[in-house]
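The structure appears right after this line, and notes come after that.
The values are calculated or read from the model by the stated rules, or taken from the named source; none is laboratory data. Just so you know, these numbers come straight off a predicted model, no measurement behind them. Keep in mind that these areas ignore ligands, DNA and RNA; they rest on the heavy atoms of the full protein, side chains included. Shrake-Rupley method; radii C 1.70, N 1.55, O 1.52, S 1.80 Å.
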Amino acid sequence: MTLYELSLEYEQTAATLRGRIMELEQERRQTENERLRQQLDRRLRPLRSMYRDTRAVVRHLKGYYERLEPRRPVRSRGPWNHRRRS
């Protein structure tokens, strides 16, 4: 498995986390019970943290090989012997 393929798996996990966060946020908006809102907030806090961490790992894994490649194309300067030819 490559790092890029691993990043795709992390992306799926992040999408699952985001879906659950959205469900709980919607439930929180719809309830008028303050105690239930506080419980939902306590459940949301670690999920949001996990989501942020997972997204950070995805960005790191996807960009891992980009750091190793030169940013600009390298132009050939001709032969290694830089003396002028007559």
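Things to note:
- For the stretch 30-38, 3J(HN,Hα) per residue [Karplus equation, 6.51 cos²θ - 1.76 cosθ + 1.60, θ = phi - 60°, Hz, x = Gly/Pro]: 7, 8, 10, 7, 5, 5, 5, 4, 5
- Protein-only accessible surface order, largest first, of E11, E23 at 1.4 Å: E23, E11
- Stretch gain in nm, segment E34-M22, where the contour uses 0.36 nm per residue and the Cα spacing is subtracted: 2.4 nm
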